[in-house]
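Data first, discussion second: the structure below is written as structure tokens.
The values are calculated or read from the model by the stated rules, or taken from the named source; none is laboratory data. Note that this is a predicted model, so its numbers are computed, not measured. All Cβ positions, even for glycine, are placed from backbone atoms using ideal geometry, and neighbour counts span all protein chains on display.
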Amino acid sequence: MVKQQAEHRVYSLVHNLGERKRQGEALKIVVTGCMIGAAARDKTGHYLRLLRDRMPEVDEFMPIEEIGFDHAPLRTSHREAWVPISNGCNNFCTFCIVPFTRGREISRPYNEILEECIDLLQKGYTKVTLLGQNVNSYGADLLLGAENIQVLRDIPGSDYFTKQKRSIKELPTRYKPTMVKHLGKLRIPTLFPQLLRDVAQLRFEQVDFLSSNPWDFSDDLIKTIAQNKNISRVIHLPLQSGDDDVLRKMNRWYTTEEYFDLVNKLRRYVPDVTLTTDIIVGFPDETEDQYQNTYKFCEKVKYRKAYISQYSPRPFTAASKMLQDTVDHATKERRWKSLDTLINKPSLRSMAGIHKAI
Ligand code: SF4
């Protein structure tokens, strides 16, 4: 659901399966995941009706909550496994549909994750990837209660957090939460550095994690990566824009200066680190100068790879409600190509002698 294109791919996949069903194949088509999460949260029922109209072949729409963490995924690889550690997100970036499709962040119990990893190791898996929309805040809801993080966000000056701090101290000493920034202003406790360390010390050949926000990437996390050689040295650090005004409009709680400081700190303590990122071009009202700021910032950071998207308004999001999709398709396409060439096809860039954005 993050991109319109991906949504359309689902429609065409279901249509193709429907075709097989129409030709007599005994299929039951069940759709779940983000798409149904959005429909389940839309109290008007409009979105579910829309999905039914678009995919009449579907037998069942199953809300993502019904899947939860309790069903082991069907794994096709016997070496590499993705292990979900949390679901949902509390950050509400203005372009992003995830908080509406997946709901608020829910962390999977710590021991359950460790038990699954131990089981995977015993079955011969050599690589695990810990997955969450924002792994850096893993555990905050376990420590504070999911509802309370929202209370903190909604009531400025609330003394809730001061009260909660006392209960954090009462946790068993084995759990040592790391405090990170939440939405740039409040501090919340996370257990992610400790979880990552515990999983790495099980001695998988490689431990990876996805995705991390730049604003709550803690020093503790950097230390954990530096001290455990089997933690992947390819870190995904979504930038989204290299312009501070655009970042503010995106409700992203860091400046480019803070982001660059983090990059430098990572490179200082983990010298063999390489970075990948996500970038959106053509966010509403993105000017040429703002785009050039992104381009120059990417030149400075030197990413190994970038997943670049052209902005498209997604239902329910603040950007789709409050901002006009003002950047035309040709401009988005041009910005996408020039960034793609800079980051993902550097050989093409030097062949063509392109040294700056077109
Ligand atoms: S942090 Fe990521 S998943 Fe959460 S709202 Fe922002 S872009 Fe979406």
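Restricting attention to region 221-242, the residues being away from the ligand (no atom under 16 Å from the Cβ) and either over 20 Å from the mean Cα position of the chain (by Cα) or of a type in the set (S, T, N, Q) (or both) number 8. Within region 28-35, is there a residue that is of a type in the set (Ser, Thr, Tyr), part of a loop (DSSP other than H, G, I, E, B), more than 16 Å from the ligand (Cβ to nearest atom) and not assigned by TED's automatic domain parsing to the domain that holds TYR125? No: zero hits.
LEU275 meets each of the listed conditions (1) within 19 Å of the chain's Cα centre (by Cα); (2) assigned to a helix (DSSP H, G or I); (3) aliphatic (A, V, I, L, M); (4) away from the ligand (no atom under 16 Å from the Cβ) apart from (2). If you go through region 245-263 and keep only what is in contact with a Gly (Cβ under 8 Å, 6 or more places away or on another chain) and under 20 Å from TYR291 (Cβ atoms), you end up with TYR254, THR256. Of all the residues in region 64-101, those that are under 20 Å from the mean Cα position of the chain (by Cα) and in a loop (DSSP other than H, G, I, E, B) number 14. How many residues does region 62-98 contain that are surrounded by 17 or more Cβ atoms within 10 Å (Cβ to Cβ), more than 16 Å from the ligand (Cβ to nearest atom) and of a type outside the set (Gly, Ala, Ser)? Adding up the residues that qualify gives 3. Close Cβ contacts (under 8 Å, 6 or more residues apart or on different chains) running from residues in region 234-253 that are free of Cβ contacts under 8 Å to residues at least 12 places away in the same chain to residues that are part of a helix (DSSP H, G or I) comprise LEU247/THR256.
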